[in-house]
Amino acid sequence: MPGKVHQPNDSTREYVQRMSHIGLPQHHIARVLDISERTLRRHYKPEIDAGKLQGDEELAGWCWDDARN
């Protein structure tokens, strides 16, 4: 018997991107959404990737600022 079907929405997409941005592990994000990591990656890959990129850019900016000061 298949499990429940997950339906992404704007709210969950924003949540996943924010949590990925701050570096929260995927298994924690999946647990909060009550889905598997596989389902998380299948439905939210663009948000996970964008969040990681934003976090990396922000961290690089902080490091650059610290190095210049």
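Can you give the percent of C-alpha pairs in the chain whose distance is more than 21 Å?
Details: 744 of 2346 pairs.
Roughly 32 percent, once rounded to a whole number.
In what sequence, highest mean first, do 3-9, 31-37 appear when ranked by Cβ atoms within 10 angstrom?
Descending mean neighbour count gives 31-37, 3-9.
For a quick check: with amide H placed at 1.01 Å from N, whose amide H comes under 5 Å from residue 35's, ignoring anything fewer than 5 positions away on the same chain?
Close amide H contacts, sequence-distant or interchain: none at all.
Would you mind putting 19-27, 56-64 in packing order, based on average other-beta-carbon counts within 10 Å, highest first?
So the peptides 19-27, 56-64, ranked by packing, come out 19-27, 56-64.
For the chain, with the dipole built from +1 on Lys and Arg beta-carbon atoms and -1 on Asp and Glu ones, taken about the Cα centre, which of 54, 64, 39 lies farthest toward the positive end?
Among 54, 64, 39, the one farthest towards the positive end of the dipole of the chain is 39.
Once label points are set 7 Å from the Cα along Cα→Cβ at both residue 7 and residue 45, what is their separation, rounded to one decimal in nm?
2.4
Laboratory data are not the source of any read-out in this text; all were calculated from the coordinates shown. Bear in mind that the values here come from a model prediction, so they are computed numbers and not experimental data. Note: ideal-geometry Cβ built from the backbone for every residue, glycine included; neighbour counts use all protein chains shown.
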